[in-house]
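Q: First, the structure itself, so that you have it in front of you.
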Amino acid sequence: MSKTLLSSLQRGSHQAMEEIYHLYWSDIFDVALRKTGDEALSQDITQEIFISLWENHKTINLSGSLGAYLYGAVKYKVINYFKSGSIKEQHQNALKALMDEKHAEAADDRLILKEFYSEVDDAIALLPEKMQLVFSMSRKQEKSIKEIAEELNVSVQTVKNQISAALKLLKKSLSYILLIAVLIGLT
């Protein structure tokens, strides 16, 4: 039967082409799908094979069966697809999308951190003036307890007490912010 179909196809019979299409389409598609794992790609490959068959119908010279020819065509189309770099391009696009997503997440994280620091600064501003000064010198200016005591002309113990009290007040007023920071992974 395939010899008759092939002869009719070679003479340009549209009916022969339709019969071949209906006879082999699902098998060719299944082979392409097994090899690629991508349904849309497999449909494209299958269509390309049948388009190529029609475009070259006058010059096709088969020594074997039409089925073997079509199965071989699937093999070569799949190999050419992978060689062509289409798969590489898909991976590059996926990587770019992932990087864009990570960049957006980093921007979100920076915004969250900015808000976090703003909340901390607001809480520090609510501390008593002397305590605020000692805490600021310790944490922002990174001065030692001894340097702060000398500069403010107070005892080292007073500076320690001020820092300890400031940390307790800040911990209490910022506990919800610290909880959020832990939950979103900033700490």
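Q: Tell me, which helices (runs of 4 or more DSSP H) lie completely within region 1-63 with 3 or more residues that are assigned by TED's automatic domain parsing to the domain that holds V74 and under 39 Å from the mean Cα position of the chain (by Cα)? Spell out the reasoning first.
A: Numbers: elements: 2-10, 14-36, 39-55.
Where helices (runs of 4 or more DSSP H) fall fully within region 1-63 and carry at least 3 residues being assigned by TED's automatic domain parsing to the domain that holds V74 and under 39 Å from the mean Cα position of the chain (by Cα), they are 14-36, 39-55.
Q: If you take the residues of region 1-44 that are more than 17 Å from A68 (Cβ to Cβ) and touching a residue at least 40 places away in the same chain (Cβ under 8 Å), which of them is surrounded by the fewest Cβ atoms within 10 Å (Cβ to Cβ)?
A: Per the criteria, the residue is G12.
Q: Pairs please, first residue from region 46-74 and of a type in the set (D, E, K, R), second anywhere and assigned to a loop (DSSP other than H, G, I, E, B), Cβ atoms under 9 Å, 6+ apart in sequence or on different chains.
A: Listed by first residue and then by second, the contacts come to K58/R11; K58/G12.
Q: For region 135-162, which positions are in contact (Cβ under 8 Å) with a residue 24 or more places away in the chain and closer than 14 Å to A125 by Cα?
A: Selection gives F135 alone.
Q: Which of (1) on the phi > 0 side of the Ramachandran plot; (2) at pLDDT 85 or above is the odd one out, the single condition G85 does not satisfy?
A: (2)
Q: Within region 132-146, count every residue that is exposed (fewer than 12 other Cβ atoms within 10 Å of the Cβ) and either in a loop (DSSP other than H, G, I, E, B) or touching a Cys at 6+ places or on another chain (Cβ under 9 Å) (or both).
A: Taking region 132-146 first, the residues exposed (fewer than 12 other Cβ atoms within 10 Å of the Cβ) are 140-142, 146.
Keeping just the survivors that are either in a loop (DSSP other than H, G, I, E, B) or touching a Cys at 6+ places or on another chain (Cβ under 9 Å) (or both) gives 140-142.
The number of residues fulfilling the criteria is 3.
The values are calculated or read from the model by the stated rules, or taken from the named source; none is laboratory data. All values reported here derive from a predicted model rather than from experimental measurement. Neighbour counts are summed over all protein chains in view; Cβ atoms, including those assigned to glycine, are modelled from backbone coordinates with ideal geometry.
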